[in-house]
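What follows is one structure encoded as C-alpha coordinates, with my remarks underneath.
The values are calculated or read from the model by the stated rules, or taken from the named source; none is laboratory data. Because the structure is a prediction, the values reported are computed rather than measured. Cβ atoms come from the backbone with ideal geometry, glycine included; neighbour counts cover every protein chain shown.
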Amino acid sequence: MSTILIIGTGGVGSVVAKKCSKVSDVFTKIILANRTIEKAKNLEKNINEVETEAVQVDADNTREVIDIIEKYQPKLVINTALPFQDLSIMDACLETGVDYLDTANYEPPDEAKFCYKWQWDYHDRFKQKGIMALLGCGFDPGVTNIFCAHAKKEHFDEMHFINIMDANGGDHGQPFATNFNPEINIREITQNGKYYENGEWKTVPALSQHKSFDFPGVGEKEMYLLYHEEMESLVKHFPEIKKITFWMTFSQQYINYLKVLQDIGMTSIEPVEFEGNKIVPLKFLKALLPDPSSLGPLTKGQTCIGCMIEGIKNNNQKRYYIYNICDHEKCFKEVGAQAISYTTGVPAMIGAKLMLQGVWKGEGVFNVEQLDPTPFMNDLNVYGLPWEEEFYEYTVRK
Ligand code: NDP
(Lines give C-alpha, C1' and ligand atoms only; values in the text may rest on other atoms or scores of the structure.)
Protein backbone atom coordinates (compact mmCIF):
# COMPACT_ATOMS: atom_id res chain seq x y z
CA MET A 1 0.00 0.00 0.00
CA SER A 2 2.74 2.51 0.90
CA THR A 3 6.22 3.56 -0.03
CA ILE A 4 8.37 4.81 2.84
CA LEU A 5 11.69 6.61 2.88
CA ILE A 6 14.17 5.62 5.61
CA ILE A 7 17.00 8.14 6.02
CA GLY A 8 19.99 6.75 7.92
CA THR A 9 20.73 3.05 7.41
CA GLY A 10 23.00 2.51 10.43
CA GLY A 11 22.25 0.26 13.41
CA VAL A 12 18.70 1.49 14.07
CA GLY A 13 17.71 2.20 10.44
CA SER A 14 18.68 -1.34 9.42
CA VAL A 15 16.38 -2.86 12.06
CA VAL A 16 13.52 -0.55 11.02
CA ALA A 17 13.94 -1.57 7.38
CA LYS A 18 14.09 -5.29 8.16
CA LYS A 19 11.08 -5.18 10.48
CA CYS A 20 9.06 -3.09 7.98
CA SER A 21 9.85 -5.58 5.23
CA LYS A 22 8.13 -8.31 7.28
CA VAL A 23 4.90 -6.28 7.33
CA SER A 24 4.60 -6.19 3.58
CA ASP A 25 0.86 -5.51 3.51
CA VAL A 26 1.59 -2.07 5.02
CA PHE A 27 5.07 -1.27 3.73
CA THR A 28 5.19 -2.15 0.06
CA LYS A 29 8.31 -0.28 -1.05
CA ILE A 30 11.23 0.95 1.05
CA ILE A 31 13.67 3.61 -0.13
CA LEU A 32 16.92 3.33 1.83
CA ALA A 33 18.83 6.62 1.91
CA ASN A 34 22.21 7.13 3.54
CA ARG A 35 25.20 9.44 3.36
CA THR A 36 27.49 6.50 2.57
CA ILE A 37 25.58 4.72 -0.19
CA GLU A 38 27.42 1.39 0.35
CA LYS A 39 25.68 1.01 3.71
CA ALA A 40 22.25 1.40 2.09
CA LYS A 41 23.23 -0.98 -0.71
CA ASN A 42 24.43 -3.64 1.76
CA LEU A 43 21.17 -3.38 3.63
CA GLU A 44 19.21 -3.63 0.37
CA LYS A 45 20.87 -7.00 -0.31
CA ASN A 46 19.45 -8.33 2.96
CA ILE A 47 15.82 -7.42 2.27
CA ASN A 48 13.86 -9.71 0.00
CA GLU A 49 10.23 -9.42 1.08
CA VAL A 50 9.45 -5.99 -0.43
CA GLU A 51 10.77 -3.78 -3.19
CA THR A 52 13.73 -1.63 -2.06
CA GLU A 53 15.98 0.99 -3.60
CA ALA A 54 19.21 2.40 -2.17
CA VAL A 55 19.99 6.09 -2.68
CA GLN A 56 22.69 8.48 -1.55
CA VAL A 57 21.69 11.58 0.42
CA ASP A 58 23.28 14.17 2.62
CA ALA A 59 20.31 14.82 4.89
CA ASP A 60 21.87 18.03 6.21
CA ASN A 61 20.89 19.39 2.82
CA THR A 62 17.10 19.89 2.70
CA ARG A 63 17.12 20.26 -1.10
CA GLU A 64 18.61 16.76 -1.52
CA VAL A 65 15.92 15.27 0.73
CA ILE A 66 13.18 17.13 -1.17
CA ASP A 67 14.48 15.77 -4.49
CA ILE A 68 14.33 12.19 -3.19
CA ILE A 69 10.83 12.69 -1.77
CA GLU A 70 9.63 14.19 -5.05
CA LYS A 71 11.13 11.33 -7.03
CA TYR A 72 9.79 8.44 -4.92
CA GLN A 73 6.61 10.01 -3.43
CA PRO A 74 6.80 8.21 -0.04
CA LYS A 75 3.82 8.41 2.34
CA LEU A 76 6.19 8.75 5.32
CA VAL A 77 9.80 9.68 6.03
CA ILE A 78 11.46 7.76 8.88
CA ASN A 79 14.50 9.61 10.16
CA THR A 80 17.05 7.22 11.67
CA ALA A 81 20.05 9.39 10.81
CA LEU A 82 21.44 11.49 13.67
CA PRO A 83 19.65 14.14 15.76
CA PHE A 84 21.61 16.80 13.83
CA GLN A 85 19.49 16.09 10.72
CA ASP A 86 16.04 16.35 12.36
CA LEU A 87 15.27 19.92 11.29
CA SER A 88 16.58 19.69 7.74
CA ILE A 89 14.46 16.55 7.19
CA MET A 90 11.39 18.14 8.82
CA ASP A 91 11.85 21.14 6.48
CA ALA A 92 11.81 18.76 3.50
CA CYS A 93 8.63 17.08 4.79
CA LEU A 94 6.96 20.47 5.18
CA GLU A 95 7.92 21.50 1.69
CA THR A 96 6.58 18.28 0.15
CA GLY A 97 3.62 17.62 2.49
CA VAL A 98 4.81 14.23 3.76
CA ASP A 99 4.50 12.79 7.30
CA TYR A 100 7.64 12.46 9.47
CA LEU A 101 8.84 10.14 12.28
CA ASP A 102 12.08 10.08 14.28
CA THR A 103 13.65 8.46 17.36
CA ALA A 104 15.73 11.27 18.89
CA ASN A 105 15.19 14.99 19.32
CA TYR A 106 17.16 17.72 17.59
CA GLU A 107 20.58 18.65 18.86
CA PRO A 108 22.73 21.41 17.34
CA PRO A 109 26.08 19.92 16.20
CA ASP A 110 28.19 22.55 17.97
CA GLU A 111 26.39 22.43 21.33
CA ALA A 112 25.66 19.31 23.42
CA LYS A 113 22.13 20.40 24.25
CA PHE A 114 19.11 18.44 23.13
CA CYS A 115 15.59 19.67 23.72
CA TYR A 116 12.19 19.55 22.04
CA LYS A 117 11.70 23.30 21.58
CA TRP A 118 13.19 23.39 18.10
CA GLN A 119 10.89 20.62 16.86
CA TRP A 120 7.78 21.68 18.83
CA ASP A 121 8.15 25.05 17.09
CA TYR A 122 7.16 23.28 13.83
CA HIS A 123 3.71 22.37 15.22
CA ASP A 124 1.69 25.16 13.59
CA ARG A 125 3.39 24.76 10.22
CA PHE A 126 2.82 20.98 10.18
CA LYS A 127 -0.78 21.58 11.23
CA GLN A 128 -1.38 24.15 8.49
CA LYS A 129 0.06 21.76 5.95
CA GLY A 130 -2.20 18.96 7.26
CA ILE A 131 0.70 16.60 7.99
CA MET A 132 1.94 14.80 11.09
CA ALA A 133 5.36 14.60 12.75
CA LEU A 134 5.80 11.89 15.38
CA LEU A 135 8.80 12.57 17.60
CA GLY A 136 10.87 10.16 19.67
CA CYS A 137 9.40 6.83 18.59
CA GLY A 138 12.27 4.55 19.71
CA PHE A 139 12.49 2.85 23.10
CA ASP A 140 13.66 5.66 25.36
CA PRO A 141 12.28 8.02 24.21
CA GLY A 142 9.39 6.13 22.72
CA VAL A 143 8.21 3.02 24.48
CA THR A 144 8.96 4.57 27.89
CA ASN A 145 6.57 7.44 27.03
CA ILE A 146 3.96 4.96 25.83
CA PHE A 147 4.39 2.90 29.02
CA CYS A 148 3.51 6.09 30.93
CA ALA A 149 0.50 6.81 28.68
CA HIS A 150 -0.67 3.19 29.14
CA ALA A 151 -0.19 3.45 32.92
CA LYS A 152 -2.24 6.64 33.01
CA LYS A 153 -4.98 5.18 30.81
CA GLU A 154 -5.28 1.83 32.60
CA HIS A 155 -3.96 2.16 36.14
CA PHE A 156 -3.75 5.71 37.52
CA ASP A 157 -5.89 8.78 38.06
CA GLU A 158 -2.69 10.73 38.69
CA MET A 159 0.96 9.75 38.23
CA HIS A 160 3.16 11.57 40.75
CA PHE A 161 6.62 9.95 40.71
CA ILE A 162 8.25 8.32 37.70
CA ASN A 163 11.65 6.63 37.52
CA ILE A 164 12.61 5.56 34.01
CA MET A 165 15.27 2.86 34.34
CA ASP A 166 17.37 1.53 31.48
CA ALA A 167 19.64 -1.47 32.12
CA ASN A 168 21.92 -3.07 29.59
CA GLY A 169 23.13 -6.36 30.99
CA GLY A 170 24.83 -7.19 27.68
CA ASP A 171 28.50 -8.09 27.49
CA HIS A 172 30.34 -7.61 24.15
CA GLY A 173 33.83 -8.40 25.45
CA GLN A 174 35.28 -5.07 24.21
CA PRO A 175 37.24 -2.90 26.66
CA PHE A 176 35.18 0.19 25.75
CA ALA A 177 32.38 0.55 23.21
CA THR A 178 29.06 2.38 23.03
CA ASN A 179 25.94 0.48 22.08
CA PHE A 180 24.60 3.14 19.74
CA ASN A 181 26.22 5.96 17.78
CA PRO A 182 29.31 6.85 19.91
CA GLU A 183 29.14 10.58 19.23
CA ILE A 184 25.50 10.92 20.30
CA ASN A 185 25.90 8.48 23.20
CA ILE A 186 28.97 10.17 24.72
CA ARG A 187 27.49 13.67 24.30
CA GLU A 188 24.43 12.46 26.23
CA ILE A 189 26.32 10.76 29.06
CA THR A 190 28.90 13.48 29.68
CA GLN A 191 26.27 16.21 30.07
CA ASN A 192 25.20 17.25 33.54
CA GLY A 193 22.44 15.07 34.98
CA LYS A 194 19.04 16.76 35.23
CA TYR A 195 15.72 15.79 36.75
CA TYR A 196 12.37 17.45 37.37
CA GLU A 197 10.90 18.04 40.81
CA ASN A 198 7.95 20.18 41.91
CA GLY A 199 7.87 22.31 38.78
CA GLU A 200 11.63 22.85 38.54
CA TRP A 201 14.52 21.28 36.64
CA LYS A 202 17.42 20.42 38.95
CA THR A 203 20.95 19.89 37.69
CA VAL A 204 23.62 17.62 39.19
CA PRO A 205 27.18 16.95 37.92
CA ALA A 206 27.45 14.23 35.25
CA LEU A 207 27.24 10.69 36.67
CA SER A 208 27.38 12.00 40.26
CA GLN A 209 24.17 10.30 41.46
CA HIS A 210 23.91 6.55 41.35
CA LYS A 211 22.28 3.64 43.12
CA SER A 212 21.73 -0.04 42.53
CA PHE A 213 18.56 -1.74 41.36
CA ASP A 214 17.69 -5.40 40.86
CA PHE A 215 16.48 -5.50 37.26
CA PRO A 216 14.27 -8.38 36.11
CA GLY A 217 16.26 -10.58 33.74
CA VAL A 218 19.45 -8.59 34.25
CA GLY A 219 20.07 -8.65 38.01
CA GLU A 220 21.54 -6.09 40.38
CA LYS A 221 23.19 -3.18 38.52
CA GLU A 222 24.49 0.26 39.39
CA MET A 223 22.45 2.91 37.58
CA TYR A 224 23.33 6.58 37.06
CA LEU A 225 21.07 9.61 36.88
CA LEU A 226 21.12 11.20 33.40
CA TYR A 227 19.13 13.83 31.59
CA HIS A 228 16.95 12.20 28.93
CA GLU A 229 14.59 13.87 26.52
CA GLU A 230 11.40 11.98 27.30
CA MET A 231 11.22 13.67 30.70
CA GLU A 232 10.68 17.02 28.97
CA SER A 233 7.66 15.85 26.99
CA LEU A 234 6.22 13.71 29.81
CA VAL A 235 6.06 16.64 32.28
CA LYS A 236 4.40 18.72 29.55
CA HIS A 237 1.76 16.12 28.75
CA PHE A 238 1.20 14.81 32.31
CA PRO A 239 1.37 18.01 34.37
CA GLU A 240 0.44 16.10 37.56
CA ILE A 241 3.99 14.63 37.68
CA LYS A 242 5.76 15.85 40.83
CA LYS A 243 9.12 14.21 40.18
CA ILE A 244 10.65 12.36 37.24
CA THR A 245 14.14 10.91 36.94
CA PHE A 246 15.98 8.86 34.32
CA TRP A 247 18.58 6.21 35.19
CA MET A 248 20.92 4.18 33.02
CA THR A 249 23.30 1.39 34.03
CA PHE A 250 27.03 1.47 33.28
CA SER A 251 29.76 -0.90 34.39
CA GLN A 252 32.58 0.45 36.55
CA GLN A 253 34.96 -0.31 33.67
CA TYR A 254 32.89 1.85 31.31
CA ILE A 255 32.85 4.73 33.80
CA ASN A 256 36.64 4.46 34.32
CA TYR A 257 37.39 4.58 30.58
CA LEU A 258 34.96 7.45 30.07
CA LYS A 259 36.55 9.45 32.89
CA VAL A 260 40.05 9.04 31.42
CA LEU A 261 38.82 10.01 27.95
CA GLN A 262 37.08 13.05 29.42
CA ASP A 263 40.07 14.07 31.52
CA ILE A 264 42.37 14.09 28.50
CA GLY A 265 39.86 15.99 26.34
CA MET A 266 38.90 13.20 23.95
CA THR A 267 35.16 13.65 24.53
CA SER A 268 35.21 17.38 23.75
CA ILE A 269 33.18 18.77 20.83
CA GLU A 270 35.36 21.92 20.63
CA PRO A 271 37.50 21.76 17.47
CA VAL A 272 41.28 21.60 18.03
CA GLU A 273 44.17 22.25 15.66
CA PHE A 274 45.92 19.02 14.60
CA GLU A 275 48.72 19.04 12.02
CA GLY A 276 47.25 22.01 10.21
CA ASN A 277 43.65 20.75 10.31
CA LYS A 278 40.78 21.40 12.69
CA ILE A 279 39.41 18.21 14.21
CA VAL A 280 36.68 17.59 16.79
CA PRO A 281 38.15 15.20 19.41
CA LEU A 282 34.85 13.34 19.90
CA LYS A 283 34.46 12.75 16.16
CA PHE A 284 38.03 11.42 16.06
CA LEU A 285 37.26 9.16 19.03
CA LYS A 286 34.16 7.90 17.21
CA ALA A 287 36.36 6.88 14.28
CA LEU A 288 38.50 4.77 16.64
CA LEU A 289 35.75 3.09 18.67
CA PRO A 290 34.00 -0.09 17.52
CA ASP A 291 31.05 0.57 15.21
CA PRO A 292 28.04 -0.37 17.38
CA SER A 293 26.74 -2.59 14.56
CA SER A 294 29.92 -4.69 14.87
CA LEU A 295 28.88 -5.58 18.43
CA GLY A 296 25.84 -7.54 17.24
CA PRO A 297 27.51 -10.94 16.89
CA LEU A 298 29.54 -10.42 20.09
CA THR A 299 26.92 -9.32 22.59
CA LYS A 300 25.36 -11.72 25.05
CA GLY A 301 22.87 -10.97 27.82
CA GLN A 302 19.71 -8.93 28.14
CA THR A 303 18.40 -5.40 28.41
CA CYS A 304 15.62 -4.36 30.76
CA ILE A 305 14.06 -0.94 30.23
CA GLY A 306 10.96 0.28 32.00
CA CYS A 307 9.15 2.75 34.22
CA MET A 308 8.48 2.59 37.96
CA ILE A 309 5.48 4.80 38.60
CA GLU A 310 3.82 5.90 41.83
CA GLY A 311 0.50 7.66 41.98
CA ILE A 312 -3.16 7.49 42.90
CA LYS A 313 -6.03 5.34 41.64
CA ASN A 314 -9.47 5.54 43.28
CA ASN A 315 -7.86 7.13 46.34
CA ASN A 316 -5.45 4.24 46.72
CA GLN A 317 -1.76 4.91 46.49
CA LYS A 318 -0.13 2.55 44.02
CA ARG A 319 3.28 1.67 42.74
CA TYR A 320 3.49 0.06 39.33
CA TYR A 321 6.43 -1.23 37.32
CA ILE A 322 6.26 -1.89 33.59
CA TYR A 323 9.24 -3.11 31.58
CA ASN A 324 10.52 -5.06 28.62
CA ILE A 325 13.33 -7.60 28.68
CA CYS A 326 15.16 -8.04 25.41
CA ASP A 327 17.84 -10.61 24.61
CA HIS A 328 20.87 -9.50 22.53
CA GLU A 329 21.51 -12.90 20.96
CA LYS A 330 17.87 -13.43 19.97
CA CYS A 331 17.84 -10.01 18.30
CA PHE A 332 20.98 -10.85 16.40
CA LYS A 333 19.48 -14.11 15.22
CA GLU A 334 16.34 -12.34 14.01
CA VAL A 335 17.70 -9.16 12.38
CA GLY A 336 21.50 -9.25 12.68
CA ALA A 337 21.64 -6.46 15.29
CA GLN A 338 22.12 -6.18 19.05
CA ALA A 339 19.26 -5.32 21.39
CA ILE A 340 19.87 -1.55 21.54
CA SER A 341 19.28 -1.14 17.81
CA TYR A 342 16.43 -3.68 18.01
CA THR A 343 14.62 -2.00 20.91
CA THR A 344 14.81 1.32 19.02
CA GLY A 345 13.99 0.02 15.54
CA VAL A 346 10.95 -2.09 16.41
CA PRO A 347 9.01 0.83 18.00
CA ALA A 348 9.86 3.05 15.02
CA MET A 349 8.39 0.39 12.71
CA ILE A 350 5.27 0.12 14.89
CA GLY A 351 4.77 3.90 14.99
CA ALA A 352 5.18 4.05 11.21
CA LYS A 353 2.72 1.18 10.75
CA LEU A 354 0.08 2.85 12.95
CA MET A 355 0.50 6.14 11.06
CA LEU A 356 0.19 4.49 7.65
CA GLN A 357 -2.84 2.50 8.79
CA GLY A 358 -4.47 5.73 10.00
CA VAL A 359 -4.73 4.34 13.56
CA TRP A 360 -2.47 7.11 14.82
CA LYS A 361 -3.29 10.31 13.03
CA GLY A 362 -3.03 14.01 13.65
CA GLU A 363 -2.03 17.31 12.13
CA GLY A 364 0.97 18.95 13.74
CA VAL A 365 3.90 17.74 15.83
CA PHE A 366 3.27 15.02 18.42
CA ASN A 367 5.11 13.07 21.07
CA VAL A 368 4.05 9.45 21.27
CA GLU A 369 2.36 9.76 24.68
CA GLN A 370 -0.26 12.07 23.10
CA LEU A 371 -1.66 9.17 21.05
CA ASP A 372 -3.73 6.17 22.14
CA PRO A 373 -1.21 3.73 23.71
CA THR A 374 -3.37 0.60 23.33
CA PRO A 375 -2.72 -0.31 19.67
CA PHE A 376 0.97 0.34 20.17
CA MET A 377 1.11 -1.78 23.35
CA ASN A 378 -0.62 -4.61 21.47
CA ASP A 379 1.86 -4.37 18.61
CA LEU A 380 4.84 -4.47 20.98
CA ASN A 381 3.71 -7.95 21.99
CA VAL A 382 3.26 -9.01 18.37
CA TYR A 383 6.51 -7.63 16.91
CA GLY A 384 9.14 -8.74 19.41
CA LEU A 385 9.08 -6.46 22.47
CA PRO A 386 6.65 -8.04 24.96
CA TRP A 387 6.13 -6.17 28.22
CA GLU A 388 5.50 -7.21 31.82
CA GLU A 389 3.75 -5.41 34.65
CA GLU A 390 4.11 -5.60 38.44
CA PHE A 391 1.59 -4.01 40.81
CA TYR A 392 2.08 -2.85 44.39
CA GLU A 393 -1.00 -1.34 46.06
CA TYR A 394 0.07 -0.21 49.47
CA THR A 395 -1.89 2.56 51.19
CA VAL A 396 -5.46 3.64 51.54
CA ARG A 397 -5.60 7.41 51.65
CA LYS A 398 -7.99 9.06 54.10
P1 NDP B 1 24.42 4.92 13.45
O2 NDP B 1 25.61 5.81 13.53
O3 NDP B 1 24.59 3.45 13.45
O4 NDP B 1 23.56 5.29 12.14
C5 NDP B 1 23.34 6.59 11.72
C6 NDP B 1 23.22 6.55 10.21
O7 NDP B 1 22.86 7.84 9.76
C8 NDP B 1 24.54 6.17 9.54
O9 NDP B 1 24.29 5.16 8.59
C10 NDP B 1 24.99 7.47 8.90
O11 NDP B 1 25.64 7.29 7.67
C12 NDP B 1 23.66 8.16 8.65
N13 NDP B 1 23.85 9.59 8.56
C14 NDP B 1 24.50 10.41 9.42
N15 NDP B 1 24.49 11.66 8.97
C16 NDP B 1 23.81 11.64 7.79
C17 NDP B 1 23.48 12.62 6.85
N18 NDP B 1 23.84 13.91 7.00
N19 NDP B 1 22.79 12.25 5.76
C20 NDP B 1 22.42 10.96 5.57
N21 NDP B 1 22.72 9.98 6.43
C22 NDP B 1 23.41 10.32 7.53
O23 NDP B 1 23.45 5.39 14.62
P24 NDP B 1 22.28 4.54 15.32
O25 NDP B 1 21.59 3.76 14.27
O26 NDP B 1 22.83 3.91 16.51
O27 NDP B 1 21.30 5.74 15.79
C28 NDP B 1 20.39 6.34 14.89
C29 NDP B 1 19.48 7.29 15.63
O30 NDP B 1 18.74 6.58 16.61
C31 NDP B 1 20.23 8.40 16.39
O32 NDP B 1 19.53 9.60 16.22
C33 NDP B 1 20.13 7.96 17.83
O34 NDP B 1 20.16 9.05 18.73
C35 NDP B 1 18.77 7.29 17.83
N36 NDP B 1 18.59 6.34 18.94
C37 NDP B 1 17.42 6.40 19.65
C38 NDP B 1 17.19 5.54 20.70
C39 NDP B 1 15.87 5.53 21.39
O40 NDP B 1 15.59 4.60 22.17
N41 NDP B 1 14.98 6.49 21.17
C42 NDP B 1 18.21 4.57 21.14
C43 NDP B 1 19.37 4.51 20.27
C44 NDP B 1 19.55 5.40 19.23
P45 NDP B 1 27.25 7.41 7.52
O46 NDP B 1 27.80 6.18 8.11
O47 NDP B 1 27.45 7.54 6.07
O48 NDP B 1 27.66 8.65 8.29
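For the reader, a short list of remarks on this structure follows.
- Residues in the stretch 2-22 that are more than 15 Å from Glu334 (Cβ to Cβ), polar (S, T, N, Q) and away from the ligand (no atom under 13 Å from the Cβ): Ser2, Thr3.
- Every pair of residues 6+ apart whose Cβ atoms lie under 7 Å, when the first sits in the stretch 44-72 and is closer than 17 Å to Thr3 by Cβ while the second is part of a helix (DSSP H, G or I) and of a type in the set (Lys, Arg): Ile47/Lys18; Ala54/Lys41
- All positions within the stretch 213-252 that are touching a residue at least 24 places away in the same chain (Cβ under 8 Å), of a type outside the set (Gly, Ala, Ser) and under 22 Å from Asp327 (Cβ atoms): Phe213, Phe215, Pro216, Val218, Lys221, Glu222, Met223, Trp247, Met248, Thr249, Phe250
- Residue check: Gly136 meets all listed conditions (1) closer than 30 Å to Asn378 by Cβ; (2) more than 18 Å from the chain's Cα centre (by Cα); (3) among the small types (Gly, Ala, Ser) but one, namely (2).
- Residue list for the stretch 149-168, filter: part of a loop (DSSP other than H, G, I, E, B) and crowded, with 20+ Cβ neighbours inside 10 Å: Phe156
- Among all residues of the stretch 175-182, there is none that is at pLDDT 95 or above, touching a helix residue (DSSP H, G or I) at 6+ places or on another chain (Cβ under 8 Å) and closer than 25 Å to Val368 by Cα.
- Thr144 of a type outside the set (Asp, Glu), touching a helix residue (DSSP H, G or I) at 6+ places or on another chain (Cβ under 8 Å), assigned to a helix (DSSP H, G or I) and in contact (Cβ under 8 Å) with a residue 40 or more places away in the chain: yes
- Applying the criterion of being under 23 Å from the mean Cα position of the chain (by Cα) and among the β-branched types (Val, Ile, Thr) to the residues of the stretch 24-46, the residue that is farthest from Ala92 (Cα to Cα) is Val26.
- The residue that is farthest from the ligand (Cβ to nearest atom), counting only those in the stretch 173-186 that are within 21 Å of the chain's Cα centre (by Cα) and part of a loop (DSSP other than H, G, I, E, B), is Ala177.
- Residue in the stretch 24-69 that is surrounded by the most Cβ atoms within 10 Å (Cβ to Cβ), counting only those that are basic (Lys, Arg) and in a helix (DSSP H, G or I): Lys39
- Residue match in the stretch 76-96 (condition: within 15 Å of the ligand (Cβ to nearest atom), surrounded by fewer than 17 Cβ atoms within 10 Å (Cβ to Cβ) and outside any helix (DSSP H, G or I)): no
- Within the stretch 273-292, considering residues that are of a type outside the set (A, V, I, L, M), touching a Ser or Thr at 6+ places or on another chain (Cβ under 9 Å) and within 13 Å of Gln174 (Cα to Cα), the one farthest from the ligand (Cβ to nearest atom): Pro290
- Residues of the stretch 191-241 that are within 22 Å of the chain's Cα centre (by Cα), farther than 29 Å from Val365 by Cα and among the hydroxyl-bearing types (Ser, Thr, Tyr): Tyr224 alone.
Residues are listed down the side, and each one gets a yes or a no for (1) in a strand (DSSP E or B); (2) in contact (Cβ under 8 Å) with a residue 40 or more places away in the chain; (3) exposed (fewer than 13 other Cβ atoms within 10 Å of the Cβ); (4) not aliphatic (A, V, I, L, M):
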| site | (1), (2), (3), (4) |
| --- | --- |
| Gly265 | no, no, yes, yes |
| Lys278 | yes, no, yes, yes |
| Lys286 | no, yes, no, yes |
| Ser293 | no, yes, no, yes |
| Gly306 | yes, yes, no, yes |
| Gln317 | yes, yes, no, yes |
| Tyr321 | yes, yes, no, yes |
| Ile325 | yes, yes, no, no |
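- When residues of the stretch 112-122 are limited to those that are within 16 Å of the ligand (Cβ to nearest atom) and either surrounded by fewer than 21 Cβ atoms within 10 Å (Cβ to Cβ) or hydroxyl-bearing (Ser, Thr, Tyr) (or both), the one farthest from Phe180 (Cα to Cα): Trp118
- Residue within the stretch 203-223 that is of a type in the set (Lys, Arg) and at pLDDT 95 or above present: yes
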